[in-house]
Amino acid sequence: MTALLYPISFLVVLSLVVIIHEFGHFQAARSCGVKVDEFSVGFGKTLWSRKDKKGTLWKVCLIPLGGYVKMLGDADAAGTKVDEKVKELTDEEKKVSIVYQPLWKKAVIAFAGPAMNYVFAIVLLTGMFRAYGLLSVPPVVSEVSAGSAAEAAGILPDDRILDINGTKIVEFHDIRRMVALDNTLNITVLRDGKKVALTARLTRENGGAILGVMAAPNRVRVKDLNLPEAFMAALNDVWETTVDTTAVLKRIILRERSADDLRGPLGIAEASGDAAMGGTLSFLSFLIQVSVGIGFLNLLPVPMLDGGHLLFYAIEAVIRRPLPEKAETVALNIGFLLLIGLLIVTSWNDIVRIIARLFG
């Protein structure tokens with residue numbers, strides 16, 4: 001039963017996050033007067049379908065790995081090609097085809113998918129903060145693990161960590177954020193009323209790094225939040241996640257950091273199963289992380305992603321004409337190769353990490 005939890009939780013997470021993403025495109029298209037031909041939950045053979053009053057075919061398909069929205073004028077579900085038959089559309093049909101929409105409407109529709117992932121994460125996180133409160137843990141060290149980077153750096157029990165790499169540390173979770181960002185941590189601690197400067201050097205193995213400090217359980221506090229406070233806390237949390245992800249990606253691109261931490265499909269399946277094993281709150285927290293991650297990924301200016309579409313629209317707005325078809329095709333091919341390369345790298349990371357986990 002435990003073994004089944006991993007694929008089931010993975011399918012639930014992936015399907016829910018992708019469907020929410022596609023619903024963003026769908027709702028924006030409807031709002032902009034664009035006809036949506038299909039809204040599919042899953043891929044492959046159709047198990048159930050129904051056409052609504054506005055002509056959209058709603059489908060549930062055999063392979064439950066996400067879904068897609070296909071609009072009038074799209075040649076494929078990805079929306080990367082224009083249907084050659086658009087020239088045969090009537091004037092009335094052209095008014096509701098994605099191909100003949102002004103740039104601002106196309107941009108709104110492209111942006112709406114990632115935006116919906118962020119909205120979903122913020123709403124879910126707001127509900128969690130409102131229901132359970134906000135955990136507050138001061139950055140005071142209660143224990144230092146033997147042989148850890150913290151011990152090697154000279155961190156001692158009862159040290160209060162004030163800042164790391166110039167970033168002020170307010171809560172204990174801020175320490176975890178900085179550990180995720182950098183391998184070398186320049187730390188200032190408050191010890192016996194005096195500031196002490198220390199340096200910890202982390203080693204990343206199996207997709208992560210550990211500083212080796214623990215919080216004091218007796219100092220943990222839970223702050224009750226009203227709805228506006230919960231919403232602001234959720235906004236801040238999602239913003240911090242986006243900023244941290246951007247910083248990590250920048251370091252990887254500049255070769256200042258290895259890409260070993262990146263997870264692919266197997267890694268997400270592994271993490272979703274672990275989160276489900278941790279209970280409802282753990283699973284919901286992971287769902288929020290994945291939703292923000294999908295939203296962030298799709299905003300990157302890579303052809304084939306929503307951010308790539310936005311880039312094309314921005315270029316078209318500047319040069320006042322569509323990109324030449326050949327140039328767009330080359331860009332899409334480059335984007336496809338980049339995504340395949342990312343999939344290969346992350347899948348390799350997943351395999352190495354899972355083998356290490358299984359066989360020590």
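The values are calculated or read from the model by the stated rules, or taken from the named source; none is laboratory data. Note that the structure is predicted; figures quoted are calculated from it, not measured. Please note: Cβ atoms are built from the backbone with ideal geometry, for glycine as well, and neighbour counts cover all protein chains shown.
Where helices (runs of 4 or more DSSP H) sit wholly within the stretch 89-184, those with at least 2 residues that are modelled with pLDDT of 95 or more occupy 103-132. Among the residues of the stretch 183-192, those that are without any contact (Cβ under 8 Å) to a residue 24 or more places away in the chain and under 23 Å from T246 (Cβ atoms) comprise T184, N186.
Filtering the stretch 290-304 to residues that are assigned to a helix (DSSP H, G or I) and either in contact with a Ser or Thr (Cβ under 6 Å, 6 or more places away or on another chain) or surrounded by 19 or more Cβ atoms within 10 Å (Cβ to Cβ) (or both) leaves V290, S291, V292, I294, G295, F296, N298, L299.
Among the residues of the stretch 305-329, those that are in a helix (DSSP H, G or I) and at pLDDT below 90 comprise E325, K326, A327, E328, T329. State whether the residues of the stretch 234-241 include one that is surrounded by 14 or more Cβ atoms within 10 Å (Cβ to Cβ), within 27 Å of the chain's Cα centre (by Cα), among the β-branched types (V, I, T) and within 30 Å of E270 (Cα to Cα). Taking every residue of the stretch 234-241 in turn, at least one turns out to be surrounded by 14 or more Cβ atoms within 10 Å (Cβ to Cβ), within 27 Å of the chain's Cα centre (by Cα), among the β-branched types (V, I, T) and within 30 Å of E270 (Cα to Cα).
Among the candidates V189, V220, V179, V196, the residue that is surrounded by 18 or more Cβ atoms within 10 Å (Cβ to Cβ) and either among the hydroxyl-bearing types (S, T, Y) or over 28 Å from the mean Cα position of the chain (by Cα) (or both) is uniquely V189.
Scanning the stretch 205-258 for residues that are in contact with a strand residue (DSSP E or B) (Cβ under 9 Å, 6 or more places away or on another chain), among the charged types (D, E, K, R) and at pLDDT below 85 yields a total of 1.
In the stretch 220-242, the residues that are under 25 Å from V179 (Cα atoms) reach residues that are β-branched (V, I, T) and at pLDDT below 95 with C-beta atoms within less than 7 angstrom, at least six apart or across chains, in these pairs: V220/V137. May I ask you to list the residues in the stretch 11-55 that are surrounded by 21 or more Cβ atoms within 10 Å (Cβ to Cβ) and modelled with pLDDT under 90? Residue satisfying the conditions is G42 alone. Checked against (1) among the small types (G, A, S); (2) surrounded by fewer than 18 Cβ atoms within 10 Å (Cβ to Cβ); (3) in contact (Cβ under 8 Å) with a residue 60 or more places away in the chain; (4) in contact with a strand residue (DSSP E or B) (Cβ under 8 Å, 6 or more places away or on another chain), G166 meets all criteria but (3). In a residue-by-residue description of the stretch 279-295, the property of being over 17 Å from the mean Cα position of the chain (by Cα), in contact (Cβ under 8 Å) with a residue 60 or more places away in the chain and under 30 Å from L202 (Cβ atoms) applies to at least one position.
Name the one entry in G264, G212 that is in the same structural domain as P139 (by TED's automatic domain parsing), in contact (Cβ under 8 Å) with a residue 60 or more places away in the chain and surrounded by 15 or more Cβ atoms within 10 Å (Cβ to Cβ). Of G264, G212, the one residue that is in the same structural domain as P139 (by TED's automatic domain parsing), in contact (Cβ under 8 Å) with a residue 60 or more places away in the chain and surrounded by 15 or more Cβ atoms within 10 Å (Cβ to Cβ) is G212. Within the stretch 76-99, can one find any residue that is crowded, with 19+ Cβ neighbours inside 10 Å, touching a strand residue (DSSP E or B) at 6+ places or on another chain (Cβ under 9 Å), free of Cβ contacts under 8 Å to residues at least 40 places away in the same chain and not assigned by TED's automatic domain parsing to the domain that holds T280? Within the stretch 76-99, one or more residues are crowded, with 19+ Cβ neighbours inside 10 Å, touching a strand residue (DSSP E or B) at 6+ places or on another chain (Cβ under 9 Å), free of Cβ contacts under 8 Å to residues at least 40 places away in the same chain and not assigned by TED's automatic domain parsing to the domain that holds T280.
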